[in-house]
Amino acid sequence: MKAFSARREVALALVVYGLYLVVRAVVLCGEGRARARRNAERIVAAEERLGIDVEPLLQRAVLRFSRTVHGLNVGYAAFNVTLTVGWLAFLYRRRDPAYHGLRRSCQGAYLAAQPIFLLFPAEPPRALDGFVDTMAEVSGLDLEHRLLVRLYNPVAAMPSLHVAFAVLTGAAIAERAESRAVKRAAYAYPPLVSFIVIATGNHYVLDALAGAALGLGARRALGSRRRLTPKGDE
């Protein structure tokens with residue numbers, strides 16, 4: 001069984017986050033935002049060619065219900081990451097061997113996205129004409145505030161790490177769930193997160209698809225190989 005060391009876990013988290021901030025700093029130097037906008041327009045053009053440019057239509061539909069949109073904004077800003085961190089903390093506290101596989105997968109997906117963020121920075125839909133920044137216009141939270149924007153990469157739309165983490169967390173919860181209802185909810189979680197990030201204008205459909213692929217790839221490459229034995233086979 002692998003050892004559980006809080007000091008090591010904190011150090012790993014800081015190193016991974018530090019690399020993310022280094023990529024952010026490099027990308028935003030000079031003409032970074034202009035390049036990110038051009039890449040965002042390329043994503044929109046690609047979706048139009050594929051016939052999957054549903055983001056404006058989806059936004060128009062949900063914006064009719066301001067309370068719902070506010071709830072989606074809260075989900076985007078807090079719930080998604082909180083659930084992933086919370087499940088990891090739950091496993092760690094129980095000294096569950098599954099913790100290491102999920103942590104490796106999450107950090108692996110996070111690291112694997114950095115070269116893409118560096119080479120293909122992309123503005124989120126909310127920064128383009130024809131889209132609505134629901135966080136600012138409905139919930140009054142400016143993600144581009146000079147203090148807040150220092151903590152994250154504002155041109156890291158492709159792929160969606162929200163969706164990647166949702167895939168990893170949903171699969172990890174479903175793997176352990178004994179209740180059929182909990183298992184179904186866990187499997188429904190990634191599609192729900194995809195809906196949230198698209199409806200709030202923070203990601204494109206292609207971002208969500210790429211994020212899902214990233215999560216699945218990280219789980220297959222780095223996740224736990226442990227399989228639960230069905231009760232009937234014990």
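The values are calculated or read from the model by the stated rules, or taken from the named source; none is laboratory data. Nothing here was measured: the structure is a model prediction, and the numbers come from that model. Note that each Cβ is placed from the backbone with ideal geometry, even for glycine, and that neighbours are counted across all protein chains shown.
Okay, residues lined up against (1) surrounded by fewer than 22 Cβ atoms within 10 Å (Cβ to Cβ); (2) in a loop (DSSP other than H, G, I, E, B); (3) on the phi > 0 side of the Ramachandran plot; (4) free of Cβ contacts under 8 Å to residues at least 12 places away in the same chain:
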{"position": "A113", "(1), (2), (3), (4)": "no, no, no, no"}
{"position": "F117", "(1), (2), (3), (4)": "no, no, no, no"}
{"position": "M135", "(1), (2), (3), (4)": "no, no, no, no"}
{"position": "G140", "(1), (2), (3), (4)": "yes, yes, yes, yes"}
{"position": "E144", "(1), (2), (3), (4)": "yes, yes, no, yes"}
{"position": "R150", "(1), (2), (3), (4)": "yes, no, no, yes"}
{"position": "V163", "(1), (2), (3), (4)": "no, no, no, no"}
Going by what's in this entry, would Y99 be described as among the hydroxyl-bearing types (S, T, Y), in contact with a Phe, Trp or Tyr (Cβ under 7 Å, 6 or more places away or on another chain) and either part of a helix (DSSP H, G or I) or closer than 19 Å to T200 by Cα (or both)?
yes
Can you list residue pairs whose Cβ atoms sit under 6 Å apart, with the first residue in the stretch 72-98 being under 20 Å from I198 (Cβ atoms) and among the small types (G, A, S) and the second being modelled with pLDDT of 95 or more and surrounded by 14 or more Cβ atoms within 10 Å (Cβ to Cβ)? Count only pairs 6 or more apart in sequence or on different chains.
G75/I196
Please go through the stretch 165-187 and give me each residue that is of a type outside the set (G, A, S), at pLDDT 95 or above and either part of a loop (DSSP other than H, G, I, E, B) or crowded, with 23+ Cβ neighbours inside 10 Å (or both), ordered by number.
F165, V167, L168, T169
The residue from G108, G86 that alone is part of a helix (DSSP H, G or I) and over 28 Å from L28 (Cα atoms) is G86
Check off (1) surrounded by 19 or more Cβ atoms within 10 Å (Cβ to Cβ); (2) free of Cβ contacts under 8 Å to residues at least 40 places away in the same chain; (3) over 10 Å from the mean Cα position of the chain (by Cα) for P190 and give me the number that stays unchecked.
(3)
